[in-house]
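I have placed the structure first, in the form of C-alpha cells, so that the comments after it can refer back to it.
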Amino acid sequence: MDEFAEKLIHGRVHVSPKRLGNPGPSDSQKNQILLAANAAPDHGRMVPWRFIEISETSRKSLGEVFAQCLLERDQSASPIQLQEAREKALRGPLLLLAIANYVDDANEISKEEKLVSLGCAIQNILLSAYALGFGSGLSSGKALQSPRFRSLFHLTDHEDPICFITIGTVTQKKPGRVRPDLSVYHSVF
C-alpha cells in the first residue's frame, strides 16, 4: 500500500467532540472535505445520503432540542444535565448531521446497501479532514430518534438521522488507539 494512504487510513482516530476546537476548516477546506463524500460507492447513483451543516446561529436551537429530548426521556433530569445536553450542540467548529435517505422508486437497492454507501461517504469525509490536518469524531444518541429532532431538521419519512460528524483542530490529544489484530475480524471460509 502507498505510504501516504497507509498513514492516512491507520493514523486517523476518533477524537471526542469535546476535544475539537478552533480553527475549523476554511470554506475551501470544508468544500474539499464534503466533496470527498462523492467518491463513496453508490450502486444506482442514488446518493442515498445527505449532510446538513449546523451553523453557529442554529446551534442554540439544536441544544434546546437536546435538552427537551432529555426531559422527555427523564423528567427528573437536573439543571446541570440539561445544560450539558445543550452544550453538546456547541462542540467543534464544524458540525454535520449525516442522514440516510432510503427513497427508491424502483425498490431495487436495499436499505442496508444505502447505509453502507453512507458509511463510506462518512469515512471519506473523516479521511479528508484528517489529510487536511483536522481531527474528527462521530457522535449519536437517543435524541436522534425523537420526533422533536426529526421535526427540527424537516426529515421526511424515508430519511433517518444516523450520526453527527464533528471536525476541528485537536485541542487535547490522547494515546493512540490500539487496533485489533487481523485474526479478530478475518477468517477464511
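For n ≥ 4 DSSP H runs only, could you compute -39500 (n - 2.57) per run for the chain, divide by its residues and tell me the 222 nm figure to the nearest 500?
Per the formula, -11500 deg cm²/dmol.
Students often check this: by mean Cβ neighbours within 10 Å, which of 157-167, 9-19 ranks highest, and how do the rest follow?
157-167, 9-19
Lys and Arg at +1, Asp and Glu at -1: add these up for the other residues within a Cβ distance under 12 Å of residue 166 and post the number.
Combined, the nearby Lys, Arg, Asp and Glu give +4.
So how far apart, in nm, are the two label points at residue 71 and residue 179 if each is 7 Å from Cα heading toward Cβ?
4.6 nm
Let me make sure I get this right: for the stretch 1-107, a, b and c are the square roots of the gyration tensor eigenvalues over alpha carbons, sorted descending. Under 1.5 in a/c it's rounded, otherwise prolate if a/b > b/c, else oblate. Which is it?
Oblate, since a/c reaches 1.5 and b/c is not below a/b.
What fraction of the DSSP beta bridges in the chain is antiparallel, stated in percent and rounded to the nearest 5?
Percentage antiparallel, nearest 5: 95.
How much length, in nm to one decimal, is gained on full extension between residue 171 and residue 3, taken as 0.36 nm per residue of separation minus their Cα-Cα distance?
Here the segment from residue 171 to residue 3 would lengthen by 57.8 nm.
What is the distance, in nm, between label points placed 7 Å from the Cα along the Cα-to-Cβ direction at residue 81 and at residue 116?
It works out to 4.0 nm between the two label points.
Which distance in nm do the two modelled labels at residue 31 and residue 151 give, with both placed 7 Å along the Cα-to-Cβ direction?
Label-label distance for residue 31 and residue 151, simple model: 3.7 nm.
Take the alpha-carbon centre of the stretch 87-102, take the same for the stretch 123-154, and report the distance between them in whole Å.
4 Å
Leaving out ligands and nucleic acids, and using a 1.4 Å probe, what accessible area per residue does the chain come to in Å²?
Solvent-accessible surface per residue comes out at 61 Å².
Would you work out what percent of the accessible area of the chain, with all protein chains in place, is carbon or sulfur (probe 1.4 Å)?
Of the solvent-accessible surface of the chain, carbon and sulfur hold 53 percent.
Full extension from residue 57 to residue 104: what is 0.36 nm times the residue separation minus their Cα-Cα distance, to one decimal in nm?
Residue separation times 0.36 nm, minus the Cα-Cα distance, leaves 13.6 nm.
In the set (i) 52, 47, 39; (ii) 47, 42, 37; (iii) 100, 39, 21, which value of Cα extents along the principal axes in Å was calculated from the structure you see?
(i)
Using packing as a proxy for protection, rank 55-65, 75-85 so that the peptide with the highest average count of other Cβ atoms within 10 Å comes first.
Descending mean neighbour count gives 55-65, 75-85.
Between their Cα atoms, which of 60/173; 7/142; 30/114; 60/174 are more than 31 Å away from each other?
In this structure, 7/142 exceed 31 Å between Cα atoms.
The values are calculated or read from the model by the stated rules, or taken from the named source; none is laboratory data. Note that the coordinates shown come from a computational prediction; the quantities given were computed from them, not determined experimentally. Note that we place each Cβ from the backbone using ideal geometry, even for glycine, and neighbour counts take in every protein chain shown. Just so you know, the surface numbers come from the protein's heavy atoms only, side chains and all, with ligands and any DNA or RNA stripped out. Shrake-Rupley method; radii C 1.70, N 1.55, O 1.52, S 1.80 Å.
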